[in-house]
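Worksheet: one structure, shown below.
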Amino acid sequence: MKQLAGYAAMFDSLSQDLGGFQEVIRRGAFDQTLKSGDARFLWSHSESDPLGRVSAGGLRLSTDSTGLRFELDLPNTVMARDLLDLVERRIITAMSFGFSVPRDGDTWRRAASNGLPLRELVRIDLKEISACAWPAYLSTSVTVRTEASGAQPVAAVPFTSRDLDMKKRRLRLIELTAA
């Protein structure tokens, strides 16, 4: 079974400029919502494109010192196969998330470095995570892994036309040697 894995949100990392302000997610922000929530995995925040759900068992969420980690068992749908291809080709490499902020779940202050207001998220009600082309947090990630391997996701390593040429030469040498 094919799976996607990675980080949907990053702790203590500044977001991009979100229209005149930036955000930072603090450790512990997802603790409450992971205990009681039922987040979905969507394609680019589209409610009409669901690919997984915590309560259905195909989406697993957890936090570690880096951020909000996920694993998704891909369903047998055209959309899932399309997303898998986009991730394998490294066209889609990032994640995002949809959320609301409960009362006292955030604080605002001026950022020292660029002067933009900074929103610190200390408690988040997570609604969904999404594979996307334009993430707010550039350090998020999504990669492919196989369930049987149990290996951590590894980014695809690009190869050059020279590498491909060398592989063709080796294959030709094997063919000639076998003849």
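Laboratory data are not the source of any read-out in this text; all were calculated from the coordinates shown. All figures in this text were calculated on a predicted structure; none of them were measured in a lab. Because the Cβ atoms are built from the backbone with ideal geometry, glycine has one as well, and the counts that use them run over all protein chains shown.
Take the Cβ-Cβ distance between Thr107 and Trp134 as r, set R0 to 30 Å, and report the resulting FRET efficiency rounded to the nearest 0.05. For R0 = 30 Å, the calculated efficiency reads 0.70. Relative to one another, the C-alpha centroids of the range 20-43 and the range 121-136 are positioned 6 Å apart.
As a calculated quantity, the FRET efficiency between Arg60 and Asp125 at R0 = 22 Å, using C-beta atoms, amounts to about 0.75.
Look at Thr33, Thr140 and count the other Cβ atoms within 10 Å of each Cβ; fewest to most, that gives Thr33, Thr140.
Among Phe21, Phe97, sorting on how many other beta-carbon atoms sit within 10 Å of each Cβ, with the fewest leading, yields Phe21, Phe97. If you average the sequence gap of Cα pairs under 8 Å that are 6 or more apart and divide by the length of the range 82-127, what percent do you get for the contact order? Rounded, it is 38 percent for the range 82-127.
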